[in-house]
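K.L.:
Sharing a structure with you now.
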Ligand SMILES: Nc1ncnc2c1ncn2[C@@H]1O[C@H](COP(=O)(O)OP(=O)(O)OP(=O)(O)O)[C@@H](O)[C@H]1O
Ligand SMILES: [Mg+2]
C-alpha cells in the first residue's frame, strides 16, 4: 500500500482504495474538500462529475502524480497501480511489444507482453510502430501495457473519450472481459453516463469536492438501454449531474 495511516478496521483493511477526508487545493481554489471513498478489491467504480469538478485531480492523487498540489487527508492505494489516459501515450520510437513491456523485468516479460497484445486483439502486430495504429488500436495497446503489470488497481481517466461511438462500444466489451479475467479494482472517470452504467458495479458522482451520490448498479446482464430499471438509473444520474430532464424532453 502506498500510504498507511494505521488504525484500519478489518473490513477497511481489505479495501483496495481507502480515501478519507482528502483535501486538494490549487491556490485559493479547493477542488477536493473532505472527500471519502472506499473501493473493494476487484470492484469496478465509475466516477462521474461535471467538467472541472475534480475527477482527474482525484485520480492523480490516487496515482501519486499530484506533487504540485497542496493537500491533506488519508489516501491508501495498492502497491501495483496502472493508469490509462484519454490519449494512449505510447512511445512513438518503440514498437508495440516494446511499448507494452517497457520497464518490465524478467525472462518472461516478452512472453507476457505478447499474451497481453493477444488479449486485446493485436496478436501479430508486435513489431508495428504506434503511428501505424488507429486511435482505438492505440488505446488497446495502452490497456495491454496496463494489464500486463497485473495491477491491483486500474485508474482510467476518460480512456475512450476520444474514440468514435462504435469503437467505444467495442472497447467497453473488451474492458469488461479483461477486468473479469484480471480482477483489478477499477476507478474509471467518464462523462458518459451509459458507459458508467454498462461497466460499473457502482457509480459515484463528484460534486463540490465530495462524493455526492454513491449508487450500486444492480441491473440484470446484459445491461440494455431499453429496460425501465436502466432508464430510471440513467435519469437519476443525469439529475445528479445537474441535467434538467424536463428541459431536455421539451427540446427533443
Ligand atoms: N495544475 C493545476 N493548476 C491549477 N488549477 C488546476 C490544475 N489542475 C486542475 N486545476 C483546477 O482544478 C479543478 C479540477 O480540475 P480537474 O482536471 O480535476 O477536473 P475534471 O473533473 O477532471 O474536469 P474534466 O471533466 O473537464 O476533465 C479545475 O477547476 C481546474 O482548473
Ligand atoms: Mg479530467
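Read-outs throughout are calculated quantities, based only on the coordinates presented, and are distinct from any laboratory measurement. Computed from a prediction, not measured in an experiment: that's the story for all the values here. Every residue, glycine among them, receives a Cβ derived from its backbone with ideal geometry; neighbour counts consider all protein chains shown.
K.L.:
Most mobile of 165, 212, 196 per a Gaussian network model of the chain (Cα springs, under 10 Å)?
P.N.:
Ranking 165, 212, 196 by mean-square fluctuation puts 165 first.
K.L.:
I need to check one value: relative contact order of the chain, counting alpha carbon pairs closer than 8 Å and at least 6 residues apart, in percent.
P.N.:
25
K.L.:
For segment 149-208, just run the numbers: alpha carbon Rg, then divide by 2.2 N^0.38 Å, N being how many residues it has.
P.N.:
Here the Cα radius of gyration is 1.11 times the empirical estimate.
K.L.:
Taking the DSSP beta bridges in the chain as the whole, what percent of them are antiparallel, to the nearest 5?
P.N.:
55
K.L.:
Quick one: 23, 31, 246, fewest Cβ neighbours within 10 Å first, how do they rank?
P.N.:
Listing 23, 31, 246 from fewest to most nearby Cβ atoms yields 246, 23, 31.
K.L.:
Please list the radius of gyration and Dmax for segment 164-250, considering alpha-carbon atoms only, with Å as the unit.
P.N.:
Cα only, segment 164-250: 13.7, 44 Å (Rg, Dmax).
K.L.:
Continuing with the same structure: To make sure I understand, if each residue's beta carbon is the centre and we count other beta carbons within 10 Å, what order do 55, 176 fall in, fewest to most?
P.N.:
Final ranking by Cβ density, sparse to dense: 176, 55.
K.L.:
What list of whole percents do you get for P(r) of segment 84-205, with Cα-Cα distances grouped in 5 Å bins up to the one holding the largest distance?
P.N.:
Going from the shortest bin to the longest, the percentages are 2, 11, 23, 24, 20, 11, 5, 2, 0.
K.L.:
Follow-up question, since we're still on this one. Which number comes out as Rg/Rh for the chain once both Rg and the Kirkwood Rh are worked out on C-alpha atoms?
P.N.:
Result for the chain is an Rg/Rh of 0.98.
K.L.:
Here is a follow-up. Can you sort 129, 93 by how many other beta carbons sit within 10 Å, fewest first?
P.N.:
So the residues, fewest neighbours to most, are 93, 129.
K.L.:
Return the calculated 222 nm mean residue ellipticity for the chain, to the nearest 500 deg cm²/dmol, obtained by summing -39500 (n - 2.57) across DSSP H runs with n ≥ 4 and dividing by the residue count.
P.N.:
Calculated at 222 nm, the ellipticity per residue is -10000 deg cm²/dmol.
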